[in-house]
Amino acid sequence: VLFQAVFNLLIPDHAADAFSPPRLGPRGRWDALVERLLGGLGRWDAEHFLFIAERGYLLEHNCAFLPLFPLLLRALASLLPWPVELHPRSRLLLAFLASLLFSVSPAGVFMAAAYSESMFAFLAFGAMWQLEQGQSWLGGLLFSLASGARANGLLNAGFFLYSRGKRFALQLQVGSASRRKLPLVWKQVLSLASSAALMCAGIFLPFALFQYYAYVRFCGPGTGLGEAIPEPLLQLARDKGYRVAGVGGDKPPWCSQRFPVVYSYIQDTYWNVGFLRYFELRQIPNFLLALPVTLLGSWAAWTYVSTNPRHCLTLGLERSKSEERGKARDGFCGPAAFVYVVHATALLVFGFFCMHVQVLTRFLGCSSPILYWFPAHLLQEREPLLWSTRTDNPTPGKPLLGKSPSSCGEGTSDNPIVRLLLNWRLMTPLSRSILGFFLGYWLLGLILHCNFLPWT
């Protein structure tokens, strides 16, 4: 927060062709102070979230941003007591600081700005953890909330389906499949199918309800809402070609579709999102921007598949010998990580070929723990500085898990990342590359994004 305020003060804003609604209403000195201190976190897509939180889904293209995050912003801004009188946008800028979750991440600026990434990561990662603990219904509830924050939350239904399917497959392998047990098997299948269908319906429900809301808002008869919209906003809509809710005119084309989904229409019409549409020579800088996370994600998938070829071919549904002995291999290459690797790889492939490729870093950073697990695995396996601190010749394969409390004051940090940074010259090139990517993108994101420079 401090860095973005400094960079926003020192570097003039770029005149980006991005959504920037006019600031309406009286503004005092406290509003100017909040804007100066936190304004850098309200750039690019954050403008959409703040606008929705303040005025609702007034413009059609705002419907590309799902409602959970702006609804929470609006609730916090209205419920929290403020010691001074502030403009609504200033209150919103203060409220979203509650969603600061991550400290050092290549997508760090998006976790701090008024984006839905931090909320989505909190809900999705929390749901994954609850599912691992056997809390299926709580995990399903968190997954459902996550799909109300970002559209890719719909893919998280795969975690629940895989968890139930794997549990059923392993149960079949433990017991005998005699005919006298066939009715019991069918009962288990029906129970599994019904619970899976119910849970998936719950996960899809927030997204479906929002599509229905958009249909009623933009495809229904005009409500005369345009009379209550300030003229500067109407002028902005006329200048930019934005479709305004409640204002007369032809219905949007998506209203006539068999399944009217506003989200896919907006992605296609307003942002030209689609298969291979970004593969142009002028987009080479953006592909270079996404190169580190693309290499990391691809390397993670290859490492896992090459280490566990049989496990991957059987989709992890075959009971391994280690599991039969009650000792499943842990770590990144363990069987439990299979579904997460598949999820991350699917997101990477889809994002690389179908999305604006420069968003890959934040797309994976808030959706998959693999972006953090795999670099940690590489550091643990290949950085000698983390193998031992008690001998001059560290033993490979013995990761440093931390120092005892009695070691306080010995001049070495208990934080392994800080320890590596303090010994930068002694690190392997791979470790320097990993930490350079994380810290470099963290810093560049603050400098560029907060001044409307291309970092989205």
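Checking each residue in the range 347-380 for being among the polar types (S, T, N, Q) and either in contact with a Cys (Cβ under 7 Å, 6 or more places away or on another chain) or within 12 Å of F332 (Cα to Cα) (or both) picks out only Q380. Scanning the range 185-222 for residues that are modelled with pLDDT under 90, touching a helix residue (DSSP H, G or I) at 6+ places or on another chain (Cβ under 6 Å) and among the aromatic types (F, W, Y) yields a count of 1. Once the range 135-158 is narrowed to residues that are over 23 Å from S264 (Cβ atoms) and either surrounded by 22 or more Cβ atoms within 10 Å (Cβ to Cβ) or among the aliphatic types (A, V, I, L, M) (or both), the residue that is farthest from the chain's Cα centre (by Cα) is L138. Return the total of residues in the range 286-300 being crowded, with 16+ Cβ neighbours inside 10 Å and in a helix (DSSP H, G or I). Number of matching residues: 9.
Name every residue in the range 15-39 that is surrounded by 13 or more Cβ atoms within 10 Å (Cβ to Cβ) and within 20 Å of P454 (Cβ to Cβ), in order of residue number. Those that are surrounded by 13 or more Cβ atoms within 10 Å (Cβ to Cβ) and within 20 Å of P454 (Cβ to Cβ): A16, A18, F19, S20, G39. Note on the range 361-377: residues that are of a type in the set (A, V, I, L, M, F, W, C), buried (at least 23 other Cβ atoms within 10 Å of the Cβ) and farther than 15 Å from V342 by Cβ amount to 2. Out of all the residues in the range 257-285, which are of a type in the set (A, V, I, L, M, F, W, C) and either assigned to a loop (DSSP other than H, G, I, E, B) or under 25 Å from V342 (Cα atoms) (or both)? Across the range 257-285, the qualifying residues are F259, V261, W271, V273, F275, L276, F279.
Conditions (1) touching a residue at least 40 places away in the same chain (Cβ under 8 Å); (2) in a helix (DSSP H, G or I), marked per residue:
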position: F3; (1), (2): yes, yes
position: A15; (1), (2): yes, no
position: A18; (1), (2): yes, no
position: P21; (1), (2): yes, no
position: R27; (1), (2): yes, no
position: W30; (1), (2): yes, yes
position: L33; (1), (2): no, yes
position: R36; (1), (2): no, yes
position: L41; (1), (2): yes, yes
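The values are calculated or read from the model by the stated rules, or taken from the named source; none is laboratory data. Everything numeric here is computed off the predicted structure, so don't read it as measured data. No Cβ is skipped: glycine too gets one built from the backbone with ideal geometry, and neighbour counts run over all protein chains shown.
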